[in-house]
1. For ASN61, enumerate residues with amide H under 5 Å from its amide H, sequence gap 5+ or separate chain, H modeled in the peptide plane.
2. Show the residues, 5+ positions off or on another chain, whose built amide H is closer than 5 Å to the amide H of GLY132.
3. Less than 18 Å from a label point 7 Å out along the Cα-to-Cβ axis of SER27: which backbone N atoms in region 79-100 qualify, by residue?
4. Once you have the Cα-Cα distance between ALA80 and THR120, take 0.36 nm times their residue separation minus that, and quote the gain in nm to one decimal.
Amino acid sequence: MTWTYARRRSEKRAERRRPAHPVVRASAMVTAFAGTVLFGVVLARLTLEPSAASVALVHANVRPGSSISAYLDGTSTTEAVRQLGGNVVLGLPFGVLLPVLLPPARGLLRVGAVTVCLMTLVELIQGALVTGRVFDIDDVILNTAGALLGYLLIGRQLGRAVHPRRRHWWTRRPAEPVTPDS
């Protein structure tokens, strides 16, 4: 593939992806914001609610994979699916909403990094301030896996539809010279 061919191909692709109508973009942003608020409420409700009955049962986990293997080996299939799948599903909205609300955070690695940071913060707060809850690195891993899955399934396309990629200065064609009519 030659440089000229690659440039023409990328220009054609950019021409096909026109920005969405401003009303569509605005409604997508408002919907994403409302979804993020709802996601925050659900996240707080699920993770920051005290559980005094489980104080003696829980312990912090900083060894990746140990909680996952404990659920897979030591509990019923229903409980394992509920715990592990619930953590994956909890991360899905993050992968869908983040590219819409924060265009600089688009991209698989960026979504993963932001999710790891935020979910680690949630786990630390949960472990430090909430009775019966502790820090679990496997929850961070599963939440991040869910966010990446959400990004790959829906978030990438949704983010591109609302915020099309800009062409960088080095890929723009120079303006055609204006010649005076004789």
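Read-outs throughout are calculated quantities, based only on the coordinates presented, and are distinct from any laboratory measurement. Remember, predicted model here, so these are calculated numbers, not experimental data. Ideal geometry is used to build each Cβ from the backbone, glycine not excepted, and the neighbour counts take in all protein chains shown.
1. PHE135, ASP136, ILE137
2. SER51
3. What the label zone holds, given the 18 Å backbone N cut-off, is 100.
4. This chain segment gains 12.2 nm when fully extended.
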